[in-house]
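The values are calculated or read from the model by the stated rules, or taken from the named source; none is laboratory data. Nothing here was measured: the structure is a model prediction, and the numbers come from that model. Cβ sites come from the backbone with ideal geometry, for glycine too, and all protein chains shown count toward neighbours. Please note that ligands, DNA and RNA were not included when accessible areas were found on the heavy atoms of the full protein model with its side chains. Shrake-Rupley method; radii C 1.70, N 1.55, O 1.52, S 1.80 Å.
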Amino acid sequence: MDPLGAPSQFVDVDTLLSWADSCGDEVSYWDSTAETSREDTVRSPFLYNRHINGKVVLWKGDVALLNCTAIVNTSNESLTDKNPVSESIFMLAGPDLKEDLLKLKGCRTGEAKLTKGFNLAARFIIHTVGPKYKSRYRTAAESSLYSCYRNVLQLAKEQSMSSVGFCVINSAKRGYPLEDATHIALRTVRRFLEIHGETIEKVVFAVSELEEATYQKLLPLYFPRSLKEESQSLPYLPADIGNAEGEPVVPERQIRISEKPGASEDNEEEDEDDGLGMDLSFIGSHAFARMEGDIDKQRKLILQGQLSEAALQKQHQRNYNRWLCQARSEDLSDIASLKALYQTGVDNCGRTVMVVVGRNIPVTLIDMDKALLYFIHVMDHIAVKEYVLVYFHTLTSEYNHLDSDFLKKLYHVVDVKYKRNLKAVYFVHPTFRSKVSTWFFTTFSVSGLKDKIHHVDSLQQLFSAISPEQIDFPPFVLEYDARENGPYFASYPPSPDL
């Protein structure tokens, strides 16, 4: 209560409805339609997670009124910007805030700096500077806006803050398209909560009436409140969903002047922003722009074994990024409809389980290059962490067998993280022929894979590594195993709640 018994103008975030509770009974949809959800095996890269949703709040109101541990102020480089958010914060915080800001000596675009909250309900204010948007320099603007959200959250983590209230950082004055900016804001927060969720209890998006509709529309894409909403939102995700931390992925960033004397490998991941707000991605990918010399000469050197290992790795990374860019821009719905590759639960070590259904791959009828693109599209964000593959060879025919040339191409195209983080391949219901083929392939065609292959003749063997509740089984696999090895289930196992 304020003096004289007047009610406080500040808002207790613990009284606000979380995103998890904002759609009533629909959240429990997956419980009542387990059979339907098992059929929809293509999962979103942003899985339904009620625990994460419970940390998120969408609230229409003034961020300055929130009693979060910290609220976010959007400003300019000199921290003197006059916009509705800043003016409200300055008015409620009192004159001491201006004095504190002088000590910071400004803030660069994408950075985040901390002051006390003074007369606010919030203990701290995190000041950040969003980018000025120009379509010509879009990639630099995306990276800078991502840095704003990421640096705010990182600062909150370092200071052990339990809650953060975000304003909409992209102020109208700076011209950033609201919908584009909202995609970056939501996916950055989502990825941060996936990785560091134990460090923060509440993230509040404080929006105006004009901004609310956009947030309401896009939140289900990154924070689906049920398996049904996850499935319905999947087609509307943009082509670029960022990397494992939500950062925009632009392949051209990795095609820059290389082999600079004295440059460290760490510097290679910096944005093309030259520090003056200029996006250099327009330079292009030709040999002169990369300053890597004659391409034909490079190919000869590769064949002669004279190119350095580091240069080979860079070349491979560029090739992979081209595949990834194409995978995110091409319509792969025909491959997705086969339901031959999907994410399910986790194994007994907590590693993500990916399922491949051999019978669902009509090798002679589909474009295998598109199949490779789909594999990359689905797996790129999975492979950043440890994972295992379960391959159901059950009832495959000669029309479903992936030939060794395709498998070799896939193995050599994918990024090194795929190979490093793949911990096991469970080859379920193998035949004698498939065992022999696998031995030849892993012995003579690829290296480092042989020890990861585990042939599994029955599902009961598989359950020693992965709990049955953590795998979505195609019904024919269960029926075949029951015929060959005797029934194991009283009924089909339910789909896991992820």
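Per-structure values
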item: Pick from region 353-395, criterion in a helix (DSSP H, G or I) and among the aromatic types (Phe, Trp, Tyr), ranking: nearest to Leu410 (Cα to Cα); result: Phe375
item: Region 130-179: number of residues that are more than 24 Å from Ala70 (Cβ to Cβ) and small (Gly, Ala, Ser); result: 4
item: Residue ranges of strands (runs of 3 or more DSSP E) in region 55-140 with at least 1 members of a type in the set (Lys, Arg) and either surrounded by fewer than 22 Cβ atoms within 10 Å (Cβ to Cβ) or out of contact with any Pro (no Cβ under 8 Å at 6 or more places or on another chain) (or both); result: 56-60, 112-116
item: Total residues in region 173-186, condition open to solvent by 10 Å² or more (accessible area, probe 1.4 Å) and in contact (Cβ under 8 Å) with a residue 40 or more places away in the chain; result: 6
item: Tally of residues being surrounded by fewer than 21 Cβ atoms within 10 Å (Cβ to Cβ) and within 18 Å of Ile52 (Cβ to Cβ) across region 191-214; result: 9
item: Odd one out for Phe205 among (1) in a helix (DSSP H, G or I); (2) closer than 20 Å to Asn67 by Cα; result: (1)
item: Where a residue in region 445-458 is in contact (Cβ under 8 Å) with a residue 40 or more places away in the chain and its partner, wherever it lies, is outside any helix (DSSP H, G or I), with Cβ under 7 Å and at least six apart; result: none
item: Residue pairs meeting the criteria (Cβ under 9 Å; at least 6 apart or on separate chains; first of a type in the set (D, E, K, R), in region 146-171; second assigned to a loop (DSSP other than H, G, I, E, B)); result: Arg150/Gly110; Arg150/Glu245; Arg150/Gly246; Arg150/Glu247; Lys157/Ile200
